[in-house]
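Data block below; observations after.
The values are calculated or read from the model by the stated rules, or taken from the named source; none is laboratory data. Remember, it's a predicted structure, so these values are computed and weren't measured experimentally. Don't worry about glycine lacking a Cβ; one is built from the backbone with ideal geometry, like all the others, and counts go over all protein chains shown.
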Amino acid sequence: MKNLSLYLILAHLSVAAVAQQKDSAYIAYQSGLTEKQAGRHKVAYEHLRKSVSLNPEHTDAQRELGLEAMELRQFEISKQAFLKVLDKEPNDPQAIENLATLNFWTRRWDEAIKYGLKMQELKISSRVNYLLGKSYYEKENFGQAFRYLDAAYKEEPTNAEIPFMFARSFVEMSNYKQAVKYYLEAIALDSTKVNWIYETAMAYSSIPDDKTAIKYFELAMAKGHKVDNDFIENLSNSYILAGMPDKGIDMLLKLLELRPADMELLNSIADTYYKLGKYDDAVAYWDKMLFYDKENARPLYMIGMCYQKKGDIKKGQAICDKAIEMDPALKMLRQEKKMPGL
């Protein structure tokens, strides 16, 4: 009988303790709401954390904790809170939307898509098309990305990022004409993005349409794009291909001062001089390539071609023969009367 009485007393105390704990959790929850109303988010967050630690089953407290953690950029805590909400209420619209947003912000694209599709199913928020479109774009699933970005563009016709994503997608698929179309739409909506203007130039040069590429390279430069080595080399190549070789070579020569042992750069200069019929200049730069790599047969072959173009057939053929001895693959190019790409 004594053991039964003791058990009843302990059970009563346990129930009382649980009730007291729930009361404390509710008080902390109410304090959190009060602090939130006052705009004191950090204090509200601490009260709400205390509330859910005392009573993890309090769904409203978990939801409010998720919102306050999100406000304070405590993303993982926010996710966990909203997941607890979904455990109790699987179709809670606020939890679903915020989980989609949190995973989107943290670049967890698969999870963002999972909750985005749930949002679409429950007809939560019109911006779900943008969220899904960008998530699929980041995963390089362009087929699905286009589906949602098309819908998002109709909803947000002034959102310049949407045509930019279309442009980038087409670049990834080597469809430069379509890429240009969307780059132009993007920069028409937002002309401050100088990197977009530069990418437009690169897309034009890949079509190829180097005259138009130059226009956008120069526009990007005028708007403050960093003129680094790659920029100079790309612009100079467009000048050369657009029929302004002297301007292009001048830029390449300035770049060569910074990168004197750059083999591709040396070859670009030599090859341009060769195409212009300036064979002595071409020989000088192919000779520099041989200075850095004496075993490279291709610039030697081209030096031989330069001598032949200048009329010294015997010397030129001898040099080409020596290059072929070093690299027999060059013999096929001679037979086909093709110039080797260096």
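Things to note:
- Qualifying residue in the range 59-76 (condition: without any contact (Cβ under 8 Å) to a residue 60 or more places away in the chain, farther than 27 Å from Ile124 by Cβ, touching a His at 6+ places or on another chain (Cβ under 8 Å) and crowded, with 19+ Cβ neighbours inside 10 Å): no
- Hey, Glu185 assigned to a helix (DSSP H, G or I) and farther than 21 Å from Met289 by Cα or not: yes
- Single unsatisfied condition, Pro90 versus (1) over 20 Å from Tyr26 (Cα atoms); (2) assigned to a helix (DSSP H, G or I): (2)
- The range 1-77 holds helices (runs of 4 or more DSSP H) entirely within its bounds, and those carrying 1 or more residues that are modelled with pLDDT under 90 map to 2-37.
- On inspection, Gly248 qualifies as under 30 Å from Lys310 (Cα atoms) and out of contact with any His (no Cβ under 9 Å at 6 or more places or on another chain).
- Filtered by the rule that a residue be within 41 Å of the chain's Cα centre (by Cα), without any contact (Cβ under 8 Å) to a residue 24 or more places away in the chain and outside any loop (DSSP other than H, G, I, E, B), the range 291-314 gives a lone residue, Phe291.
- Any hit, the range 245-259, residues being part of a loop (DSSP other than H, G, I, E, B), within 30 Å of the chain's Cα centre (by Cα) and surrounded by fewer than 18 Cβ atoms within 10 Å (Cβ to Cβ): yes
- Enumeration of residues in the range 119-140 that are touching a Ser or Thr at 6+ places or on another chain (Cβ under 9 Å) and at negative phi: Met119, Leu131, Tyr137
- Scan of the range 256-270 for residues that are closer than 11 Å to Lys288 by Cα and of a type in the set (Gly, Ala, Ser), ordered by number: Ala261, Ala270
- Whichever residue in the range 210-244 is within 22 Å of the chain's Cα centre (by Cα) and of a type in the set (Lys, Arg) and, among such residues, is surrounded by the most Cβ atoms within 10 Å (Cβ to Cβ): Lys223
- Positions within the range 315-331 being hydrophobic (A, V, I, L, M, F, W, C) and more than 45 Å from the chain's Cα centre (by Cα), in sequence order: Ala318, Ile319, Cys320
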